[in-house]
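Below: the structure, in structure tokens.
The values are calculated or read from the model by the stated rules, or taken from the named source; none is laboratory data. Not measured: the values here are computed from a predicted model. Here the Cβ positions follow ideal geometry from the backbone for every residue, glycine too, while neighbour counts run over all protein chains shown.
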Amino acid sequence: MSKISVLVRGGNSFQKHVVNQCVDWCTSNLMPDVRRIYIDVHLKNIPDADGYCENIALEKEDFVGSSPRTFKLQINKTLHFMEMVSTIIHEMVHVKQYVNRELNDNHSAIKWKSRHCSYNMSYEDQPWEKEAFRLQDRLLSPLLTEVEFSTNVDRNGFKK
């Protein structure tokens, strides 16, 4: 049974549509075997970043085995279309990293592919960020080629 659930809060109807389309594409392409995941996306003004990904799995039902399946994304709603799509891809790469247990951040220690990393590591040196930037650049063109974006959407961002 497949249960992929995306809740988008904030932003306008087109932004919600962009999020829904991009998250669906990224889930299918980055995690094709994942059958259960919950992603809560907040479109909001973020003064210091384009986006954030947080693993919010806490309860037993938030996991499949030891793989977390509950996430919160924050996407800066002031971004232009291409920046927003690119940022969603970037944050979905982090979701993939958590789901595949490549990235494990339990708020007291960070592990990347079984290697302990320092919280003091600069952002551009973090290997999970290097991968996210590399994949966002590589996946942007295929996503834009394969996904249809529509301006004829309801208030929740779904195509009419």
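Would you check which residues across the range 126-160 are hydroxyl-bearing (Ser, Thr, Tyr) and touching a residue at least 40 places away in the same chain (Cβ under 8 Å) and list them? Don't jump to the end; show me each part of the working.
Within the range 126-160, the first condition is being hydroxyl-bearing (Ser, Thr, Tyr), and the residues that meet it are 141, 145, 150-151.
Hits for the range 126-160 are 150, 151.
Quick check on my filter: what residues within the range 97-125 are under 17 Å from the mean Cα position of the chain (by Cα) and of a type outside the set (A, V, I, L, M, F, W, C)?
The first filter runs over the range 97-125 and keeps only residues under 17 Å from the mean Cα position of the chain (by Cα), leaving 97-105.
Those that are under 17 Å from the mean Cα position of the chain (by Cα) and of a type outside the set (A, V, I, L, M, F, W, C): 97, 98, 100, 101, 102, 104, 105.
Can you confirm whether the range 91-108 contains a residue that is closer than 29 Å to residue 150 by Cβ, of a type in the set (Asp, Glu) and either surrounded by fewer than 16 Cβ atoms within 10 Å (Cβ to Cβ) or at pLDDT below 95 (or both)? Before you say what the answer is, go through the steps one by one.
Keep residues of the range 91-108 that are closer than 29 Å to residue 150 by Cβ, which gives 91-96, 99.
With the extra rule that they be of a type in the set (Asp, Glu), the set shrinks to 91.
Now restrict to residues that are either surrounded by fewer than 16 Cβ atoms within 10 Å (Cβ to Cβ) or at pLDDT below 95 (or both): none.
Scanning the range 91-108, I find no residue that is closer than 29 Å to residue 150 by Cβ, of a type in the set (Asp, Glu) and either surrounded by fewer than 16 Cβ atoms within 10 Å (Cβ to Cβ) or at pLDDT below 95 (or both), so the answer is no.
When the range 18-59 is examined, which residues are found to be among the polar types (S, T, N, Q), outside any loop (DSSP other than H, G, I, E, B) and either touching a His at 6+ places or on another chain (Cβ under 7 Å) or exposed (fewer than 15 other Cβ atoms within 10 Å of the Cβ) (or both)? Quick ask: steps written out before the conclusion?
Taking the range 18-59 and keeping what is among the polar types (S, T, N, Q), we get 20-21, 27-29, 45, 55.
Okay, now just the ones that are also outside any loop (DSSP other than H, G, I, E, B), so 20-21, 27-29, 55.
Selection gives 28 alone.
Specify the residue that is nearest to residue 104 (Cα to Cα); the eligible residues are those in the range 1-59 that are of a type in the set (Asp, Glu) and in contact (Cβ under 8 Å) with a residue 12 or more places away in the chain. Walk me through it before giving the result.
Of all residues in the range 1-59, those of a type in the set (Asp, Glu) come to 24, 33, 40, 48, 50, 54, 59.
Narrowing the set further to residues that are in contact (Cβ under 8 Å) with a residue 12 or more places away in the chain leaves 24, 40, 50, 54.
Working: 24: 23, 40: 19, 50: 22, 54: 11 Å.
Out of the qualifying residues, it is 54.
Of all residues in the range 129-160, how many are assigned to a loop (DSSP other than H, G, I, E, B) and at pLDDT below 95? Talk me through it step by step, then tell me what you get.
At the first step, the residues of the range 129-160 found to be assigned to a loop (DSSP other than H, G, I, E, B) are 147-152, 154-158, 160.
Next, from what is left, pick out any that are at pLDDT below 95: 148-152, 154-158, 160.
Result for the range 129-160: 11.
Here are the criteria: (1) within 20 Å of residue 50 (Cα to Cα); (2) out of contact with any Cys (no Cβ under 6 Å at 6 or more places or on another chain). Tell me which single one residue 101 does not satisfy.
The one condition residue 101 does not meet is (1).
Kindly provide the set of residues from the range 109-128 that are at pLDDT below 90 and either small (Gly, Ala, Ser) or farther than 16 Å from residue 55 by Cβ (or both), ordered by number.
109, 114, 118, 120, 121 - these are the residues of the range 109-128 that are at pLDDT below 90 and either small (Gly, Ala, Ser) or farther than 16 Å from residue 55 by Cβ (or both).
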